[in-house]
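Quick notes on the structure that follows.
The values are calculated or read from the model by the stated rules, or taken from the named source; none is laboratory data. Just so we're clear, the structure is a prediction, and the values are computed from it rather than from any experiment. Cβ sites come from the backbone with ideal geometry, for glycine too, and all protein chains shown count toward neighbours.
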Amino acid sequence: MPARPAASRRTVLRGAALTPVAGLGLTACGGGGDTPVGLTEPVELGPESEVAEGGAKLYQDQKVVVSRSEDGAFKAYSSVCTHAGCPANKLEGTRLICPCHGSEFDATTGKVLREPAVAPLKPLTVEVRNGTVIAKPQV
Ligand code: FES
């Protein structure tokens, strides 16, 4: 009986495709099919008037936090926590809070204000087009 090398190679490749790769932003927090991976394509967030000067707004569905300086400049960050990948779900002023282990971030700079997270939020490109705030992944 002849050997079946093609079948065994396919099996190996199929197994390799399912192996998680470090650094792709895939995490196990929350489990299931809704694993947060952050923003992967441009997304319209809403009217620029929703983001007060000197304040910030969390767009939970898009996993983006946008801040606006006193002079009107916008900044945007992924609201996916850099500790273990939970989406932050609370914004107090410009302090973004992760519900999983209590990390806190400055929504105006992305910097960590409270551990266990140690890495800053992932910055996004933000623009206002026809009065609508649009966030894009940085390339
Ligand atoms: Fe956010 Fe752990 S995943 S604090």
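Test V118 against the stated conditions and say whether it is part of a loop (DSSP other than H, G, I, E, B) and at pLDDT below 95. Against the criterion (part of a loop (DSSP other than H, G, I, E, B) and at pLDDT below 95), V118 does not qualify. Candidates S49, S67, S8: the one that is among the hydroxyl-bearing types (S, T, Y), at pLDDT 95 or above and in a helix (DSSP H, G or I) is S49.
One residue stands out in the range 101-114 among those that are in contact with a strand residue (DSSP E or B) (Cβ under 9 Å, 6 or more places away or on another chain) and farther than 17 Å from A135 by Cβ: the one that is surrounded by the most Cβ atoms within 10 Å (Cβ to Cβ), namely S103.
Filtering the range 70-96 to residues that are away from the ligand (no atom under 16 Å from the Cβ) and either touching a residue at least 60 places away in the same chain (Cβ under 8 Å) or surrounded by fewer than 24 Cβ atoms within 10 Å (Cβ to Cβ) (or both) leaves E70, D71, G72, A73, F74, K75, G93, T94.
Taken over the range 98-113, residues that are near the ligand (Cβ under 9 Å from one of its atoms) and free of Cβ contacts under 8 Å to residues at least 60 places away in the same chain amount to 6.
Would it be correct to say that S67 is within 15 Å of the ligand (Cβ to nearest atom), hydroxyl-bearing (S, T, Y) and under 16 Å from the mean Cα position of the chain (by Cα)? In short, no. If you filter the range 45-64 down to residues that are within 15 Å of the chain's Cα centre (by Cα), at negative phi and surrounded by 13 or more Cβ atoms within 10 Å (Cβ to Cβ), you find that the one that is farthest from the ligand (Cβ to nearest atom) is L45.
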